[in-house]
Structures are given as structure tokens and as C-alpha cells.
Amino acid sequence: MDMHTLYLIVPLAPLVGAIAAGLFGKWLGRTWSHRITIALVGVSFAASVAIFQDVMAGNTFNGPVYTWLTSGDTSFQVGFLIDRLTVMMMLVVTFVSLMVHIYTIGYMEEDPGYQRFFSYISLFTFSMLMLVMANNFMQLFFGWEAVGLVSYLLIGFWYTKPTAIYANLKAFLVNRVGDFGFLLGIGLVLMVFGTLDYASVFANAQNYANDIAPIPGVSWNLLTAICILLFIGAMGKSAQFPLHVWLPDSMEGPTPISALIHAATMVTAGIFMVARMSPLFELSDTALSFVMVIGAITALFMGFLGIIQNDIKRVVAYSTLSQLGYMTVALGASAYSVAVFHLMTHAFFKALLFLAAGSVIIAMHHDQDIRNMGGLKKYMPITWITSLIGSLALIGTPFFSGFYSKDSIIEAVSLSHLPGSGFAYAAVVLGVFVTAFYSFRMYFLVFHGEERFGKAHHGHDDHGHDAHHHGLAPGQKPHETSWVVTLPLVLLAIPSVLIGYVAIEPMLYGGFFGDAVFIAENHPVMHELQQEFHGAFAMVLHAFFTLPFWFALGGVVAAWYFYMKNPAIPEMIKKQFGFLYTLLDQKYYFDRFNDWFFAGGARGASRTLWKFGDVKLIDGFFVNGAAKMIGMFSGVLRGFQTGYVYHYAFWMILGVSLLLTVRTWF
């Protein structure tokens, strides 16, 4: 088959599946809806593998597919850029999507919106593939907005739940803030470069390195302005501080989309975009420092919030925020390949953790409160072992995939000399302890210790999709979920263990990305990392003598002691440091502030505009005022219409006198 045909098959196969399940799902029925969508995502994955092999053989592609429209001298095209960065993302997106599609059969089997859900996740896969395969900013923006739209539909999938509707509206609005900056950045690119084609923009970027941005009132460097505006888009999509507030609430959607969108693919779009824009970011140290500091704040402070969460999915959600911060820090340190490497390893183990959480939720009859669990290891052995693998990968245990990517990020930041790198290094190292602590707090509370299910339950939010029964009834025991749920867990656990060991040398130091990622000579972090690297096994040996390993071990031991051996300690700390617990419980008051300032301010402004602008000015002055004025004027004129001839004669004589007077004087 011609390679150009394969390029088209990759995004279009999931689109056909989405149309089939969405428009014809009623006639196809449940079984054929999932068969068609899964088969077509499988075709997309197989085509991605074939394209990967072709690209590894040295064949790349950059060209238009068709012209969408032409306006003046600007042509807006749909085109593909197939290089090593693209194919790596294509493999991750299609593989994780395929696992989620299979898992959905078991998780959503009783849901009345079964076909609609399969349509949405296939449509999401199409949108994400269009984003990563784009060769121009217009198509990038199309994919960017399309994944945002489908995310909105999926977070609010259970549209009868007020909390789900609030969450999807919140996600949509916060992403619009980021996307506004993103669109301004793209507009600035078009204004300055006269084209939206990546290759043309990157080739000419050096010529504008010292120019001032054409923004009234400021004297910013042009490329700094473009990069920061583009990164604001990434802050929204990849949930970076302070636009992170939407991601934890997005857990209101079904668990499969938590794995697909909010762990493995959509939230990594911002990371991918910055890596793709490396020829621009490398020309602005200011932008790189900005990226690094924002990432460091997210990595550390979002991790703190994971410590006090009791909803199993929200713990994993805050973990996602923290890990996205790590990727962003790597981008700021010019270690783009390390960031994308962590993106890949994180996609596998975080999707695994979300799907394992979903398996636990099914077994617990949709109770998501980890305080009502405990001792599930003997009832759910497959979910237990895969969760343990995912947790070990997440905290950076030697030989697991997360170890190689996470330690590489920490090393890269330690070698960076950009402003803010000292703070970033402290944040990512301390973040290792925090990550290990909250990850194993959840692991121990769910799978070990006392069996707390079937007893008096802790109060918890209505996060499940069956509002009528939460948790196991007294005497009930959980059991392992069906093979359509556990098979994806096993298939995701394998790369969670192996992919780091296998891929680190070619991806980071073997020139895997080639020309897809550009690094300037004055940012030698990757070169210095390469000097220190002596193989995957040697990296493990070296790790035992570094702070991150002992911080991770300390986090695990602390979690075990606090929650298995002496659970009175967390309660005592909570009482002693109540103000700190309240601060974390209120999520640093960001939601409160946004509700008061932005939402409340918008409502207040709307009320003011309604009372003054609508009621008083438009209705009161212009509409009713005009009517009153005409009524008054008519009343005065009516007084002159008496019906007597001598009155009219008098006014005629007076009028003639006035005319003669005017004529005489002028």
C-alpha cells in the first residue's frame, strides 16, 4: 500500500468509526458499535506501526493534503508532517486509545449512552491524530480545539449530573483562556512570517531573533512574545499553574476518558506542541525560563494536593498534574527529547493507573472513596499487581520506565544554567518524595490493611455513574473484573516496566528524533547528559547514590508507616496543622478565587449592565423615554389644534409677520 494512503488512514479510520457509532449506533446496536470502532482504531494503530517502520528506515514526509481556503496571499492547508517525533506520538495515541476502547466494553456495559461514548472516544482519537500530524499552525489549531470540544462532551457525558455539567463547563472556559493566548501567538506568527507553515516559520525564525514584537505599549522581544503566547495555550491544555484548575474536576467523566484524555493524550498536547516549536523556543531564554518555572510550580505544589485526596481518581489526577509539570520543566531546560520520553513512559503507566482505578471502582460498586476500601489484594490479584507496577513506575523505581525518564529530567534541570533552574531543581527533587508518598498512600489504603468495605461509609461526592448504589452492601465481597478490563491492564503494564530500559539510549542519546527537535549550541544540557550516560544498567547503579532514589524510598516508607503501622499520626498532623490541611483541602483557594473574582465578577458586571444598560438606559431612556417625549410633544401640539378658524388665522398672520421680519433684517 502507498505510504500516502497510510498517512490518510491513520486519522480517518477513527473518524469513520466515530461517525458509524454516533449516527448509526441505534441501528448497529451495542455489539457492532464497539466492534467497528475498536477494529478501526486497531487499523489506525497498525498503520502507525507501518509508518513508524518506514520513518525509521529514513523516509519522512512534509507536504499538503489539500488546500482548505486561500485568503489574499495566505493559503490555509491541511497537511502532514511525518517525522520521528510525529510517529512516536502516533504510536502512543493509537495504542492507548485501542486499550481504552477495549476496556470501555467492560466499564460502560450497563450505560445507556454506550454507542455515544464509543463515538466520542473515536472522535477524540481522530482529533488528537490531526493535531500531532499537522505540518502547519492552522491544522494544529483545528486539532487543538477539536480535542477540547470532545473533552467537553466526555467530561459532561453523564449530563444529568450537576457536578459533571459544572466540570465540563469549567474545563471549557479555562481552556478558552489558554486558547486565546494560543490564537494570539498564531496570529503574531502569521503577521510577522506571512505563513503558517512550520518549515517556513522555523527556517526564518533566526532572522527575527532580535526584533521587537508589534504589540502597542510594550517592548518585548518578538520571539519571546510568540513563544510565551503559544505556551499560554499549552498551560491551558496541559493544565499548568494557574490554568490547572479544570483537570481534577474532569474526573467527573467516566474512568476510560480519564485514562485516554487526562493522562495519556490530550493533556500532553501542550508538551508535544512546545517540543515541535523548539526552533522558536531555543531563540528565547526568557521564554524557556518562564516555561521551566511554571512547570516547577506545577510539579511540586500540585503534588502536595494529592496527599490529602480521598477520591481514588482525584489522587491519580493530581499525580497527572505533577507529572505534566515535570515534562514542562524538561522543556524549559531545553531537554525536549527527555520531556517527550517522559510523555511516552507516563502515557503507559498513568493510563494503567487510571484503568486500574476504574477496575477497583467497578469492584466497589462505584464507591470511589479510598477510606472505604482496604485489603483488595486477595480479591483482585490482577488489578493489584498492575496497580503496583504502575505505582512503581510513577515514583521512578529503578528499572521501571518512569525511573529513566524522571531521573533524566532531574539531571537535565541540575545541568541547566537558565534563570529559575535552581528553584526548578529543588521543586522536582522534593516532588519525588511527595509523589512516592501520595502514590503509596493510595496503594496501601486500597490494597492492603483492614477491609473497610461493607461497613459504615465515609461521606463522599457522587462521582459514580449509578447514583442509586455506592459501595458494597454489608457482607458483599469485591471480585476481579472481567477480561475486557484486565487485558488492557496487563498490556499497559508491560511497557510500564520495559519501555524505559529499552528506549532511553536511542531516544535520548542515539539521535532518535533527528531534525524533529532543534537545540541551540548555547543550551548544552543534552550534550552534558550524554557525557554522563553509560548505559541503562549503569544509570540504575548510579541512582542508588543520588537524592531522588532515597527521597522516593523515604516517601514509600513514610506512607507505609503512616497508613499501615500507625494511622493515628496522619490524624494528629491534621489536627496540629489544621490551617495547612484546610489550605490543601481548598486547593490553595484557587477555585474560590476564580468563583468570586471571575465568575462572580462576570455575574456582577452582567447585573450592572442589565440594571443600568438595559433597564435604565435602553428601556428607560431610549425606548420609553422617546415614547414619553413624543407623547409630551404631541400633547403640546394638540393644544394648538382647537378647530376655531380665527385661531388658525391668528397663527397665519403671526407666521407671515415673522417671515417679513426675517426678510427685512437679513
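For residues in the stretch 65-85 being open to solvent by 40 Å² or more (accessible area, probe 1.4 Å) and either among the hydroxyl-bearing types (Ser, Thr, Tyr) or without any contact (Cβ under 8 Å) to a residue 24 or more places away in the chain (or both), which is nearest to Thr345 (Cα to Cα)? The residue in question is Tyr66.
Evaluate the stretch 159-175: report whether one residue or more is open to solvent by less than 30 Å² (accessible area, probe 1.4 Å), in contact with a helix residue (DSSP H, G or I) (Cβ under 8 Å, 6 or more places away or on another chain) and not in a helix (DSSP H, G or I). Within the stretch 159-175, one or more residues are open to solvent by less than 30 Å² (accessible area, probe 1.4 Å), in contact with a helix residue (DSSP H, G or I) (Cβ under 8 Å, 6 or more places away or on another chain) and not in a helix (DSSP H, G or I).
Scanning the stretch 323-351 for residues that are open to solvent by less than 10 Å² (accessible area, probe 1.4 Å) and either of a type in the set (Val, Ile, Thr) or closer than 16 Å to Leu392 by Cα (or both) turns up Gln323, Thr328, Val329, Val338, Val340, His342, Thr345, His346, Ala347, Phe349, Lys350, Ala351. Just name the residue that is modelled with the lowest pLDDT out of those in the stretch 519-547 that are open to solvent by less than 90 Å² (accessible area, probe 1.4 Å) and part of a loop (DSSP other than H, G, I, E, B). Going through the qualifying residues, I end up with Phe533.
Scanning the stretch 277-299 for residues that are surrounded by fewer than 23 Cβ atoms within 10 Å (Cβ to Cβ) and either free of Cβ contacts under 8 Å to residues at least 60 places away in the same chain or under 19 Å from Pro248 (Cβ atoms) (or both) yields one hit, Ile297.
Tell me yes or no: at least one residue of the stretch 73-91 is at pLDDT below 85 and at positive phi. Checked against the condition, which is being at pLDDT below 85 and at positive phi, the stretch 73-91 yields no hits at all. For the stretch 86-104, what are the residues that are touching a residue at least 60 places away in the same chain (Cβ under 8 Å) and more than 13 Å from Leu489 (Cβ to Cβ)? Scanning the stretch 86-104 gives Thr86, Met88, Met89, Met90, Val92, Val93, Thr94, Ser97, Leu98, His101, Thr104. Selection of the stretch 46-100 for residues being within 19 Å of Gly143 (Cβ to Cβ), among the aromatic types (Phe, Trp, Tyr) and assigned to a helix (DSSP H, G or I) yields only Phe95. Within the stretch 400-419, the presence of a residue that is free of Cβ contacts under 8 Å to residues at least 40 places away in the same chain, of a type outside the set (Val, Ile, Thr) and within 19 Å of Tyr438 (Cα to Cα) is excluded.
Given the conditions (1) touching a residue at least 60 places away in the same chain (Cβ under 8 Å); (2) more than 16 Å from Ala234 (Cβ to Cβ), report the number of the one that Ala213 does not fulfil. If we test Ala213 against (1) touching a residue at least 60 places away in the same chain (Cβ under 8 Å); (2) more than 16 Å from Ala234 (Cβ to Cβ), just (1) comes out false.
Taking Phe24 as the residue in question, decide whether it is modelled with pLDDT of 85 or more and open to solvent by 60 Å² or more (accessible area, probe 1.4 Å).
yes
Among the residues of the stretch 177-202, count how many are in contact (Cβ under 8 Å) with a residue 60 or more places away in the chain and open to solvent by 10 Å² or more (accessible area, probe 1.4 Å).
Number of matching residues: 8.
Which residue is modelled with the highest pLDDT, if the candidates are limited to the stretch 618-644 and must be within 25 Å of Thr608 (Cα to Cα) and open to solvent by 100 Å² or more (accessible area, probe 1.4 Å)? If we take residues in the stretch 618-644 being within 25 Å of Thr608 (Cα to Cα) and open to solvent by 100 Å² or more (accessible area, probe 1.4 Å), then Lys628 is modelled with the highest pLDDT.
Look through the stretch 385-401, keep the residues that are assigned to a helix (DSSP H, G or I) and out of contact with any His (no Cβ under 9 Å at 6 or more places or on another chain), and return whichever of them is surrounded by the most Cβ atoms within 10 Å (Cβ to Cβ). Out of the qualifying residues, it is Gly390.
The set of residues from the stretch 227-251 being open to solvent by 10 Å² or more (accessible area, probe 1.4 Å) and assigned to a helix (DSSP H, G or I) comprises Ile228, Leu229, Ile232, Met235, Asp249.
The values are calculated or read from the model by the stated rules, or taken from the named source; none is laboratory data. Not measured: the values here are computed from a predicted model. No Cβ is skipped: glycine too gets one built from the backbone with ideal geometry, and neighbour counts run over all protein chains shown. In case anyone asks, the SASA skips ligands and DNA or RNA and just uses the protein heavy atoms, side chains included. Shrake-Rupley method; radii C 1.70, N 1.55, O 1.52, S 1.80 Å.
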